[in-house]
Amino acid sequence: MTQTLSYDDVIARYEPVIGLETHVELGTASKMFCGCSTTFGAEPNTQTCPVCLGLPGSLPVTNAAAIEFTIRIGLALNCEIARWCRFARKNYFYPDMPKDFQISQYDEPLCTDGWLDVDVDGQTVRVEIERVHLEEDTGKTLHVGGATGRIHGATHSLVDYNRAGIPLVEVVTKPVAGIGSRAPQVAKAYVTELRDILRTLGVSDVRMEQGSLRCDVNTSLRPIAASALGTRTETKNVNSLRSVERAVRSEMLRQAELLDTGRRIVQETRHFQEDTGRSRPGRSKEEATDYRYFPEPDLVPLAPEPTWVDTIKASLPELPSARRRRIAGELGASDRDMIAMANTGVVDLVAVTVAAGASAAEARNWWMGHLAQQANATDVEPAALSITPEQVARVIALVADGTLSTGLARQVVDGVLETGHDPDRVIDERGLRTVTDAGTLTAAIDEAIAAHPDIADKVRGGKVAAAGVLVGAVMKATRGQADAASVRALLLDRLGTDGE
Amino acid sequence: MTELTRLTAAATAEAVAAGTVSAVDVTEAHLARIAAVDYRLHAFLQVDAEGALQAARAVDAARANGDRLGALAGVPLALKDVVVTKDLETTSGSAILKGWIPPYDATITRRLREAGVVILGKTNMDEFAMGSSTENSAFGPTHNPWDLARVPGGSSGGSSAAVAGFEAPLGIGTDTGGSIRQPAAVCGLVGAKPTYGGVSRYGLIAFSSSLDQAGPFARTVLDAALLHEVIAGHDPADSTSIDAPVPPVVAAARSGATGDLGGLTVGVVTELSGEGYQPGVTAAFADALTRLEAAGAKVAEVSCRHFGYALPAYYLIAPSEASSNLARFDGVRYGLRVGDDGTRTLEEVMALTREAGFGAEVKRRIILGTYALSSGYYAAYYGQAQKVRTLITRDFRAAFETCDVLVSPTTPTVAFPIGERADDPMAMYAADLCTLPASLAGLPALSVPCGLSEGLPVGLQVMAPALADDRIYRVAAALEASYDSPFIDEAPEL
Amino acid sequence: MPITRDEVAHLAQLARLAVTDEELDVFAGQLDVILAAVARVGEVAADDIAPMTHAVPLTNVLRPDVITPSLPREQALAAAPATEGGRFRVPQILEDEQ
Ligand SMILES: [Mg+2]
Ligand SMILES: [Zn+2]
């Protein structure tokens, strides 16, 4: 379908309501219900055992770390932690599920009723969390014989169960309404914030490209002023932060087109396609699937001890939002500055640089300026540059004490980026110290005067502006290591004029 | 039949330990017996002569080495094919698993091996343990050694026939709704279902996870107790395994054998009698009660008014769990695959595989369980059945306030003829009427021979509170001691 | 309420059983009888009675997060009806992943 509507047209007539279901693979060493390793990238079917292959007779035993990680997530998202809950079997046939049921949680999730505040354009939007539950991941299916590696057109498929049984946390939001045109950004900001929290908690490596963080986006539209929710669709396969935003936006446009032309939205699962930025409908059976949930009889109930939950709560690290507030205070940074730093990905880097002794202003200038440019030029995140905040702080200190000029400081930083060596070593190796030795400078000045006698005469005659040529010659002779202002002062002194 | 096959497990182990007979001799005697009679019984699906002799040789070597032997070292055993055995075909009586060679051992298999028990092979069973006659095996029925035209009970009918037919002194069965106790009763054996959680389920091919328990078959109470102690105990690989000491069942069997039940109150469950119980069964049961009284027990009537609902609750819970447990047999990772000719989709191949690989009773229960769990019916069926479990458990708790054990006939009838109930599921299900309550409540229960009716064995069931497995052995041993000679001696030579 | 042939067909489809027409008839009749019998659970179980899913009153059975050896791949694949490149091979899949 060709999209003729503009986004503004959509927003003028419809209110979007979104919901997000995020699946997070936990970073436990072993799987959810067996001792197989969870390491990513192993040869297919080398990390399987009777339990995670669903061999007849095998039984699951719950990984304590997975429970603790889930409680950590629940607490970080301000949830209630269940005093008693159970796993349930979700029954459906699919070859990537070794038992043809998934051990999940149904009506008794481990964590419920939380919230997460996210910032969009300087405004806070509270996203309510309905539940955080724990389940087991499925294996991976490779579709063979089709043109695209997709299920459609494939002649057969190949299954690898290495991923089957890795603990998977599902974070489900309540419907988020009242955000109007910002819906796509709210979706992205939510997933970004959630990712940062999970990373801070140390419960997952949250790599969307490797599938350890996967997002399903529910979208519906209702005419402005209508109260009933519209029919929603679920877009799966949204595998980058950018795609989260694009998926909501493109689905809003698609649904608005349908509604505008009097057609109905079909409640369905759609698959996002990175290349086109659109989604295609899933191929599902006509009738709704009946998962026949029932309590998993091979596992006993979970009843987290309140004292255990309290211990976990007390051990939670400082979360990103609190950290941002603290850093803003420490840096004396405005909201605008903080947003700019956050967008550049340097908040933590600046904070650590300041903690290492640098002034907030200098630290921010370096990270937002030269270093951000270098990162951009090499297409990496600033945090991935091969310079540490401590090294940046050292360079700033060397400028402050006059050891380095600003120009030299850049050369030192670039040297660190190239070699990974400490600034002091780069200075020594490349001879980048400022020349302050008066003898050396005087000799260079005398040489410059001798080389340009006519210009020297002009300066002596009061044409001070002409001194620039001589200063330049001195700077060239000292390979930039001299301080230009000092050179100028010395030169004028030498020529018997004070420059007035 | 040599004398070695007539020995009890306890006597065999003693002889092996004393060196008066070798484990290899014992094993060879039983392999010879199997070779001689199993074509008539069809108790075994697989006979692992090589593995058995190897295990026997290891026991003999250990003895020669002066090592301490386990209480059942060198004793042959018939293992129900629902129990997973590494490198030995395991089918659970189903065509869908024909040819499956497991890469691992069940916990009880490992415990048996470690104890020096000699596994002779794998025994026939109702497919996936669904049945009460062993007629539902994909590999043909097993015959009752007492009367080859009759069923050996089920679902553990291969093990019960093997032990009753002197092919092995010991057998392992699994009991979900009575599948050890009922075959034990109709084959004239002792068969016990331990407290749920007492024996690891790791490596038992699941039928109904919340009910399945493995347990012993033997020709004497003491032998059953000895085997019980070998297989019982906490297993970290089974989340439902109880982390508590194994009840002292061997000591209880020995103390019961003195014939003194003084101070014990035996409750007779009113609801497990009356219409549908054969007169011969009722008579043998009544005679057993007088013997318990004679041993010093106080015998009292006790009412458990929800026991009548055990059958409907069971036939909702077990099929529901089974419908989910059996989903994995889809032709992807192991077992049968049908219809993969390059033109069919996976979904079609899965459905054809399951259609061809499962027998009628299994399909019937899968459909029933799928129905009971499906949305709109869950609350009325599965949910209500779980509440009935609570009510039955309450009945037990109330009864155990005044009684130490409860007793009933194990099954309303003696062994029925092969084919008699094959087309009538409800009639077949009725065979489990008396055994279901203890299954639903997870309690220990045992069947011990209490007489013959028209030449066929009758069993008495003893039930006790959770973890009081020792009580069922004590009472059974006392009853056993009250008879002049073992009933099994009256079984016909084959 | 009698169970219809169509319902049985739907259940068989949910359970991935390619039952024959003949079986549908047989099962529908038998399930009718069985369901009538098991429906009796509704007679006694009141609202205030807690459902019992486990016979043993255990909670919090957990294992430490420790890696144990996996199966060698040949063993993992040994019983598979078809494999390719170290993976389990299946016919073309009609339905999308859940
Ligand atoms: Mg999920
Ligand atoms: Zn595993």
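Readers should treat all values here as calculations from the given coordinates under stated rules, not as data from a laboratory. Just so it is clear, the model here is predicted, and its values are computed rather than measured. Quick reminder, even Gly has a Cβ in these numbers, built from the backbone with ideal geometry, and neighbours come from all protein chains shown.
Some notes on this structure:
- Expressed as a whole percent, the proportion of Cα-Cα pairs in segment B:394-494 lying more than 17 Å apart is 59%.
- With 0.36 nm allotted per residue and the present C-alpha distance subtracted, the residue A:289-residue A:39 stretch has 86.8 nm of extension available.
- Spatial separation of Cα centroids for segment A:44-82 and segment B:412-477, in angstrom: 39 Å
- Given in Å, the Rg to one decimal and the Dmax to the nearest whole number for the Cα atoms of the protein assembly as shown are 38.2, 142.
- Descending principal axes extents, segment A:206-298, alpha-carbon based, whole Å: 50, 32, 26
- Net charge, residue A:480 excluded, C-beta distance under 14 Å - Lys, Arg +1, Asp, Glu -1: +3
- Efficiency of FRET between residue A:377 and residue A:209 - r from beta-carbon atoms, R0 35 angstrom, step 0.05: 0.95
- log10 of Debye I(q)/I(0), alpha-carbon scatterers only, for segment A:213-365 at 0.08, 0.09, 0.17, 0.19 Å⁻¹: -0.49, -0.61, -0.99, -1.06
- Each label point was placed 7 Å from the Cα along the Cα-to-Cβ direction; for residue A:12 and residue A:370 their separation is 5.0 nm.
- When chain C is described by a simple charge dipole with +1 on each Lys and Arg Cβ and -1 on each Asp and Glu Cβ, the residue from C:34, C:14, C:61 located farthest towards its positive end is C:61.
- The Cα center of segment B:4-78 and the Cα center of segment B:220-234 differ in position by 17 Å.
- Under 17 Å of direct C-alpha separation, and excluding same-chain neighbours fewer than eight residues apart, residue A:313 reaches these aspartates and glutamates: A:68, A:80, A:113, A:305.
- Sequence-ordered 3J(HN,Hα) estimates for segment C:75-90 from the Karplus curve with 6.51, -1.76 and 1.60 and θ = phi - 60° stand at 6, 4, 9, 4, 9, 5, x, 8, 9, 7, x, x, 10, 7, 9, 10 Hz, glycine and proline given as x.
- Size descriptor for segment B:253-322, Kirkwood hydrodynamic radius: 14.5 Å (Cα pairs only, one decimal).
- Computed magnitude of the charge dipole of segment A:364-500 (debye, nearest 20; Cβ of K, R +1, Cβ of D, E -1): 320 debye
- Cα→Cβ-extended label distance, 7 Å offset, between residue B:58 and residue B:375, nm: 5.2 nm
- Modelled label reach - residue B:305, point 7 Å along Cα→Cβ, segment B:396-437 residues with backbone N closer than 19 Å: B:396-403, B:437
- Take the Kirkwood radius over Cα pairs of segment A:335-468, plug it into Stokes-Einstein at 4 °C and 1.567 mPa s, and you get 76 µm²/s for translational diffusion.
- Pairs spanning more than 29 Å between alpha-carbon atoms, out of A:31/B:86; A:31/B:122; A:99/B:98; A:90/A:140; A:90/B:122: A:31/B:122; A:90/B:122.
- Debye intensity ratio I(q)/I(0), log10, segment A:91-149, q values 0.17, 0.23 Å⁻¹ (C-alpha model): -0.77, -0.92
- Translational diffusion coefficient (Stokes-Einstein; Kirkwood radius from C-alpha pairs) of segment B:92-156 at 10 °C, 1.306 mPa s, in µm²/s: 121 µm²/s
- Here the spin labels are modelled as points 7 Å beyond Cα on the Cα-Cβ line, and at residue A:343 and residue C:50 they lie 5.6 nm apart.
- Projected over every direction and averaged, the convex hull enclosing the alpha-carbon atoms of segment A:46-136 yields 8.3 nm².
- Length gained on full extension, residue A:181 to residue A:406: 76.5 nm, using 0.36 nm per residue less the C-alpha separation.
- Expressed in units of 2.2 N^0.38 Å, where N is the residue count, the Cα radius of gyration of segment C:21-93 is 2.08.
- Using the Cβ-Cβ distance between residue B:149 and residue B:283 with R0 = 30 Å, the FRET efficiency computed as 1/(1 + (r/R0)^6) comes to roughly 0.80.
- Projected area averaged over orientations for segment A:103-229, convex hull of C-alpha atoms, nm²: 11.0 nm²
- Equivalent ellipsoid, segment B:127-192 (semi-axes from 5 times Cα gyration tensor eigenvalues, Å): 15, 14, 10
- Separation of segment C:2-40 and segment A:108-150, taken as the distance between their Cα centroids, equals 38 angstrom.
- Positive-pole candidate from A:407, A:384, A:327, dipole of segment A:318-464, charges at beta carbon: A:327
- Positive-end residue, segment B:364-423 charge dipole about Cα centroid, Cβ charges, pick of B:372, B:414, B:402: B:372
- Hull-based mean projected area of chain B, where the convex hull spans the alpha carbons, in square nanometres: 22.0 nm²
- Pairs of alpha carbons in chain A whose separation is greater than 32 Å (percent): 57 percent
- Counting every C-alpha pair in segment B:206-269, the share spaced more than 15 angstrom apart comes to 65%.
- Computed FRET value (nearest 0.05) for residue A:152 with residue C:82, which takes r as the C-beta separation and R₀ as 25 Å: 0.70
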